[in-house]
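Structure, as structure tokens:
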Amino acid sequence: MKKTIFTLFTIVLLVNYTVAQEKYPQDYFRNPLGIPMILSGTFGELRTSHFHSGIDLKTQQKEGLKVYTAAEGYVSRIKISNWGYGKALYITHPNGYTTVYAHLKNFNKTIEKYIHSYQYKKEKEEIQLFPEKSELLIEKDEIIAYSGSTGGFIAPHLHFEIRNTKTAKIINPMHFGFIPPDSKAPVINHVRAYMFNDSSHVNSSNIEIPINFKQDRTGVYQTDRINAYGKIGFAINTFDRLDGALNKNGIYKLEMFVNGKKTFEHKVETFSFDESKYINLHIDYSFYAEHKRKYQKTYIHPENKLSTYLRTKEKGYLQIEDKLNYQVVIKVTDFVGNLSELTIPIIGKKMIPKIKKEKSKTAFYIDKEQSKEITIETVKIYFPKNSFYDSSYLDISLKDNLLKVHTPNIPLNKSYRISFNVKNLSKEQRDKMYIARVVNNKYYNYCNTVKTDSTFMTTTKKLGNYKLHSDMEPPVISHCSFYKNQNLSNNRFFNIRVIDKTSGLKEYRGEIDGKWVRMELNVKTNTLTFDFNDLELKKGKHTFTLVAMDNVGNTSSFTSLFLLK
């Protein structure tokens, strides 16, 4: 058995490398870090609402490592954001590809100067720039930036992507030779079975059920023989590990064979950003919403447009006939060919299921092919056509001013609209109110609220609880790092804390002597930082002012003096 696995490993590895060599240059791009490559994240991994679009390179749990360009080119895009990619740099190369470097701490001096000039011109910290080809030329092996952890609540690492410049499709960097040591086969944790009509069953159950399995000494996984009938499917919970790291990474390829015939394949070689939303159809979304465990389906939902699938005739669904035997093999492979197999022996047995699905009907049926407007007292909900992937009954109610729009266990294809009638509220009340998504009955997360004198409206792709919520408290400004009239001549930075716990911080403005200054926000610590290298300030007394505003317009201000001698 071990010899067979090794032979298969060699063949798959050869195929992967052959495909890569045929399509993608192998020696063109270099490792953007000057240290051995260890990954904490792989291409196509399952994230909360998308597939991971690159690889995450470990930076020894620290910030400030040198980041080199993967090849010569020019800076084609720069984006500075408090969330998402944080500080990100895009370099376009003459071979038709663009590389992306994200979550950076800062850039080299030339790029920093370029960014700061536009930030001060526009008086804006978060900014997106598209330099001309000749403005920021990058030479081979040039240091372009330093690694960081900008863009949210993330640990230090470098996110790296390779995109097709013309199509903007993202490509697995491993196809370009970014392959870390990997001698470990993927791990299969759990398996579930699904039934798709009233007469279908697995082990007499018409509702989805877990399937128990064991792993033998050779590493092969196998379930006990199951009885089944009708249209069924499977999904697995799986991950891969690389050498030198404990991170649970994504897999490269998922396949299913029925009696030796391939009926399903999902392979993360390349995809577009527009496709990433279909992760909610690729996984068992309902189970994930409730249990926070992702199962990858080995069948394709009719509305799933992912290009990562091999479109077989069966699309991964099994039609089990009475008294026939079936051998189902699910194969999970990483990029270098390490393989794990799960065998599911099935015997067709027609019978009336003992455990049946409960069909829940409500007053609110949503036909996915039609738009739908629902009015409940002072609230209107509007679902555009094709908001949902499947037609569904929704549980919608309004009680004690809390709007329930079903349980958030159904994925949406499009945003829908919620409108609250606020005619009976005073202007003072309206001014301090917003539409909140209520989470765990205690968090009132701000939803972008469009206000008129009579209506508050928001759009969202999330089901769940919503209500009008008031924010009467302004942002809190505190912990200024200098005291009044302190001499800061030997300081490179000063910082100050600002936080709004209700509707959230919308904007802030820092000034020195009445002129805007760049204040960089660290969202993990709610700290704003000023860099004295930004400006040439004269010796003497200077006035620092900070004004902060939350999402309903409450404002706070802070003023203090410092000296430069």
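The values are calculated or read from the model by the stated rules, or taken from the named source; none is laboratory data. Keep in mind the model is a prediction, meaning the values are calculated, not measured. So basically every Cβ, Gly included, is an ideal-geometry build from the backbone, and we count neighbours across all protein chains shown. All accessible areas refer to the heavy atoms of the entire protein, side chains included, with ligands and DNA or RNA removed. Shrake-Rupley method; radii C 1.70, N 1.55, O 1.52, S 1.80 Å.
Residues are listed down the side, and each one gets a yes or a no for (1) modelled with pLDDT under 95; (2) under 19 Å from the mean Cα position of the chain (by Cα):
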position	(1), (2)
ASN206	no, no
GLY219	yes, no
GLY244	yes, no
ASN280	no, yes
PHE287	no, yes
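Consider GLY84 carefully, then state whether it is in a loop (DSSP other than H, G, I, E, B), open to solvent by 10 Å² or more (accessible area, probe 1.4 Å) and small (Gly, Ala, Ser). Considered against the rule, which asks whether it is in a loop (DSSP other than H, G, I, E, B), open to solvent by 10 Å² or more (accessible area, probe 1.4 Å) and small (Gly, Ala, Ser), GLY84 comes out as yes. The listed residues are GLU161, GLU132, GLU126, and the only one of them that is among the charged types (D, E, K, R) and open to solvent by less than 10 Å² (accessible area, probe 1.4 Å) turns out to be GLU161. Screening PHE153, PHE178, PHE130 for residues that are free of Cβ contacts under 8 Å to residues at least 60 places away in the same chain, out of contact with any Phe, Trp or Tyr (no Cβ under 7 Å at 6 or more places or on another chain) and not β-branched (Val, Ile, Thr) leaves exactly one candidate, PHE130.
Matching residues to (1) out of contact with any Lys or Arg (no Cβ under 9 Å at 6 or more places or on another chain); (2) hydroxyl-bearing (Ser, Thr, Tyr):
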site: THR525; (1), (2): no, yes
site: ASP534; (1), (2): no, no
site: HIS542; (1), (2): yes, no
site: ALA548; (1), (2): no, no
site: SER557; (1), (2): yes, yes
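Looking across the range 71-81, the residues that are within 20 Å of TYR28 (Cα to Cα) and either in a strand (DSSP E or B) or open to solvent by 10 Å² or more (accessible area, probe 1.4 Å) (or both) come down to GLU72, GLY73, TYR74, VAL75, SER76. Summed over the range 384-404, the residues that are open to solvent by less than 70 Å² (accessible area, probe 1.4 Å) and closer than 23 Å to HIS469 by Cα give a count of 7.
Being touching an Asp or Glu at 6+ places or on another chain (Cβ under 7 Å), farther than 30 Å from PRO302 by Cα, at pLDDT 95 or above and in a strand (DSSP E or B) narrows it down to one of LEU403, LEU398, so name that one.
Sole residue among the options that is touching an Asp or Glu at 6+ places or on another chain (Cβ under 7 Å), farther than 30 Å from PRO302 by Cα, at pLDDT 95 or above and in a strand (DSSP E or B): LEU398.
Mind checking whether some residue in the range 475-497 is surrounded by 14 or more Cβ atoms within 10 Å (Cβ to Cβ) and among the basic types (Lys, Arg)? Yes: one or more hits.
Residues in the range 508-522 that are surrounded by 14 or more Cβ atoms within 10 Å (Cβ to Cβ) and part of a strand (DSSP E or B): 10 in all. A single member of ARG192, ARG217 is part of a loop (DSSP other than H, G, I, E, B) and open to solvent by 20 Å² or more (accessible area, probe 1.4 Å), and it is ARG217. Give me the residue from the range 246-267 that is open to solvent by less than 40 Å² (accessible area, probe 1.4 Å) and polar (S, T, N, Q) and, out of that set, farthest from SER40 (Cα to Cα). So, considering only residues that are open to solvent by less than 40 Å² (accessible area, probe 1.4 Å) and polar (S, T, N, Q), the one farthest from SER40 (Cα to Cα) is THR263.
Residues of the range 268-306 that are within 24 Å of HIS175 (Cα to Cα) and open to solvent by 60 Å² or more (accessible area, probe 1.4 Å): PHE273, ASP274, LYS277, LYS305.
With respect to LEU137, is the statement that it is among the aliphatic types (A, V, I, L, M), at pLDDT 95 or above and open to solvent by 60 Å² or more (accessible area, probe 1.4 Å) true? Spelling it out, LEU137 is indeed among the aliphatic types (A, V, I, L, M), at pLDDT 95 or above and open to solvent by 60 Å² or more (accessible area, probe 1.4 Å).
Checked against the criterion of being surrounded by 14 or more Cβ atoms within 10 Å (Cβ to Cβ), among the β-branched types (Val, Ile, Thr) and not in a strand (DSSP E or B), the candidates THR525, THR502, THR545, THR529 yield just one match: THR502. Residue pairs whose Cβ atoms lie under 6 Å apart, sitting 6 or more positions apart in sequence or on different chains, and linking a residue in the range 371-398 that is more than 16 Å from THR459 (Cα to Cα) to a partner that is outside any loop (DSSP other than H, G, I, E, B) and among the charged types (D, E, K, R), are SER397/LYS404.
With the requirement that a residue be in a loop (DSSP other than H, G, I, E, B), of a type in the set (Val, Ile, Thr) and open to solvent by less than 10 Å² (accessible area, probe 1.4 Å), what does the range 43-70 give you?
Result: THR59, THR69.
Count of the range 230-245 residues, restricted to those that are open to solvent by 30 Å² or more (accessible area, probe 1.4 Å) and closer than 19 Å to GLU321 by Cβ, is 1.
The single condition among (1) more than 30 Å from LYS62 (Cβ to Cβ); (2) touching a residue at least 40 places away in the same chain (Cβ under 8 Å); (3) open to solvent by less than 60 Å² (accessible area, probe 1.4 Å) that VAL202 does not satisfy is (2). Yes or no: the range 309-325 includes at least one residue that is within 20 Å of MET174 (Cβ to Cβ), in contact (Cβ under 8 Å) with a residue 24 or more places away in the chain and of a type in the set (Val, Ile, Thr). The answer is no; no qualifying residue exists.
The residues on offer are ILE344, ILE352, and the sole one that is out of contact with any helix residue (DSSP H, G or I) (no Cβ under 6 Å at 6 or more places or on another chain) and in a strand (DSSP E or B) is ILE344.
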